[in-house]
1. Heavy atoms only, probe 1.4 angstrom, no DNA, RNA or ligands counted: give me ASP57, ASP122, ASP72, ASP107 ranked by accessible area, highest first.
2. Calculate how steeply helix 33-54 sits against the longest principal axis of the alpha-carbon atoms of the chain, using the helix alpha-carbon long axis, and give the answer as 0 to 90 degrees to the nearest 10.
3. Just the accessible area per residue of the chain, please: how many Å² with a 1.4 Å probe?
4. Please give, to one decimal in nm, the separation of the simple spin-label points placed at LEU85 and THR17, each 7 Å out from Cα toward the Cβ.
5. Per 0.36 nm of contour for each residue apart, how much would the distance between ALA45 and ILE68 grow if the chain were fully extended, relative to their Cα-Cα spacing?
6. Quick one: if the Förster radius is 35 Å, what FRET efficiency do ASP58 and ARG125 give, using the C-beta to C-beta distance and rounding to 0.05?
7. Go through ASP119, ASP145 and list them by solvent-accessible area, largest first, probe radius 1.4 Å.
8. Report, in deg cm²/dmol and to the nearest 500, the calculated mean residue ellipticity at 222 nm for the chain, where each DSSP H run with n ≥ 4 adds -39500 (n - 2.57) and the sum is divided by the residue count.
Amino acid sequence: MSVAFAKEESAEAASETILPPRPISGRINLVTQAGLARLQAELAAAQQALAAANALDDVNERRRQAAIPLRDVSYYAQRVETAQLSPPPASQEVVAFGHTVSFEREDGRVQTYRIVGEDEADPSRATISHGSPVALALMGKAVGDVVEFGGRSLEILSIAWVDEAGG
């Protein structure tokens, strides 16, 4: 094997193992109890994947296999460290973090979302980040308020809090 081939292989392996960090917004890292548990589980899974990758004998394969878990360990460790567990909202008078909000759009469609932390937000599961434009427009508003958002009107129909145990 030529030295040039070995160096090329090492350069290729190195480029595959240096991943940019996962982006983290500058927003406060509010989390629900379920969100904190999920962050902790993701950290543990990333640590386990990193340990498995580090157990590989082949140094290039070890670097390749460790790249994503290494990045994820860094990300989730920072998210767990900065997580601020938000208590349940004190009232259901105005929209706040943790609330489930139903609103009617101008076209008559009714949508319902729970306002949660960034890492637990998944609109397909009816959760949105507290930093999302819709959540920012709704927060602090009451039932019956009409919120102008993106050239559209949203009327708040209900505000509820459901504990994460389903109660």
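The values are calculated or read from the model by the stated rules, or taken from the named source; none is laboratory data. Every value quoted in this text rests on a predicted model; they were computed, and no experiment measured them. Glycine gets a Cβ as well: all are built from the backbone with ideal geometry, and neighbour counts include every protein chain shown. Keep in mind that these areas ignore ligands, DNA and RNA; they rest on the heavy atoms of the full protein, side chains included. Shrake-Rupley method; radii C 1.70, N 1.55, O 1.52, S 1.80 Å.
1. ASP57, ASP107, ASP122, ASP72
2. Long axis of 33-54 versus the principal axis of the chain: about 10 degrees.
3. Details: 9760 Å² over 167 residues.
Normalised by residue count, the accessible surface of the chain is 58 Å².
4. Using points 7 Å along Cα→Cβ, the separation is 3.8 nm.
5. Fully extending the segment from ALA45 to ILE68 adds 7.1 nm.
6. 0.35
7. ASP145, ASP119
8. -13500 deg cm²/dmol
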